[in-house]
Structures are given as structure tokens and as C-alpha cells.
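Asks: Got a structure for you, questions after.
The values are calculated or read from the model by the stated rules, or taken from the named source; none is laboratory data. Quantities reported herein were computed from a predicted structural model and do not represent experimental measurements. Neighbour counts are summed over all protein chains in view; Cβ atoms, including those assigned to glycine, are modelled from backbone coordinates with ideal geometry. Please note that ligands, DNA and RNA were not included when accessible areas were found on the heavy atoms of the full protein model with its side chains. Shrake-Rupley method; radii C 1.70, N 1.55, O 1.52, S 1.80 Å.
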Amino acid sequence: QVQLVESGGGLVQAGGSLTLSCAASGRGFSITDMGWYRQVPGKQRELVAVLAGGVNTNYGASVKGRFRISRDNAENTVSLQMRSLNPEDTGVYYCYVVVYPVGLGISYDYWGQGTQVTVSS
């Protein structure tokens, strides 16, 4: 079982910055992808940023150039530095990991509980 603990959400004014962090804990697994998605009421969950295999980085189109994702493999943590925030960035941000339990040869997706980010105009 993998536990994900997110932190860093909150209220910020437009133009401001926030950093989100997510820590994965548990035993007997390896993690390939780590990243963040976000969701607003009435809309589908959308990609914010994902580090695939710790090498390839994918950003959502609306956050490119403003957000930066980073990962600490030793600590199994992923962070999202968000700058130049605007009201359209408001939403619940979910940590996402792809986990391979040792010896099973299959992967599982895990999601955090979500952290609210609110950007005021």
C-alpha cells in the first residue's frame, strides 16, 4: 500500500507563487511516474505536470513556462513550483504516482487526497 501526503496549497493573489509537495511512503515498490493533476468543479481532471520515469517531463499547455516540477528519488517526493499564478489556476491539485510493486510486473496508479489552490484576482 502506498500513502501520498500532499502539502502546500492555499490562497494566493494573482501573480504570486506557491509550491506544492507530495511525499510517497510505503514498502515494497518502485515509483516510475510522479506528477500533478488539477480539477475544478464541472470539469475533467487535467494534467499539470508529470515526470515520467524520472526523465521525461510533460506540462499542461496552460502552465508551461510558469510551473516547474521536480523530484527527489531518494525521498520519493515530488514538488511543483508555481509562479505567475492567475485565477484560472484555481482548483484542487492532486498528486499522482505510478507504482510497481516488487515482483508483480504490473503497475498501479495512486492519487493523493488533493490540496486546494485558490488564486484571487
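Asks: Once neighbouring chains are kept in place and the probe is 1.4 Å, which whole percent of the accessible area of the range 66-113 is contributed by carbon and sulfur?
Replies: Details: 1180 of 2520 Å².
The computed percentage sits at 47.
Asks: Going 7 Å from the Cα of residue 62 in the Cα-to-Cβ direction, what parts of the range 15-53 have a backbone nitrogen less than 20 Å from that spot?
Replies: Counting backbone N atoms under 20 Å from the label point, the list is 15-21, 35-51.
Asks: I've got another one for you. Could you pull the Cα extents of the range 1-81 along its three principal axes, largest to smallest, in whole Å?
Replies: Reported extents, whole Å, longest axis first: 41, 25, 25.
Asks: From the protein chains alone at 1.4 Å, what is the descending order of accessible area for 78, 40, 102, largest first? Walk me through the numbers before you get to the answer.
Replies: Details: 78 0, 40 45, 102 115 Å².
Correct descending sequence by accessible area is 102, 40, 78.
Asks: Same structure again: Per residue, how big is the convex hull of the range 41-121 when only Cα atoms are used? Give it in Å³.
Replies: Details: hull volume 9.9 nm³, N = 81.
Convex hull volume per residue, Cα atoms: 122 Å³.
Asks: Related question: Leaving out ligands and nucleic acids, and using a 1.4 Å probe, what accessible area per residue does the range 35-103 come to in Å²? Intermediate values should be presented prior to the final figure.
Replies: Numbers: 3570 Å² over 69 residues.
Heavy-atom accessible area per residue stands at 52 Å².
Asks: Amide H of residue 90: which non-local residues (sequence gap of 5 or more, or other chain) have their own amide H closer than 5 Å, using H built in the peptide plane?
Replies: Long-range HN contacts for residue 90: 119.
Asks: Can you pull the percent of Cα pairs in the range 56-103 with separation above 12 Å?
Replies: 73 percent
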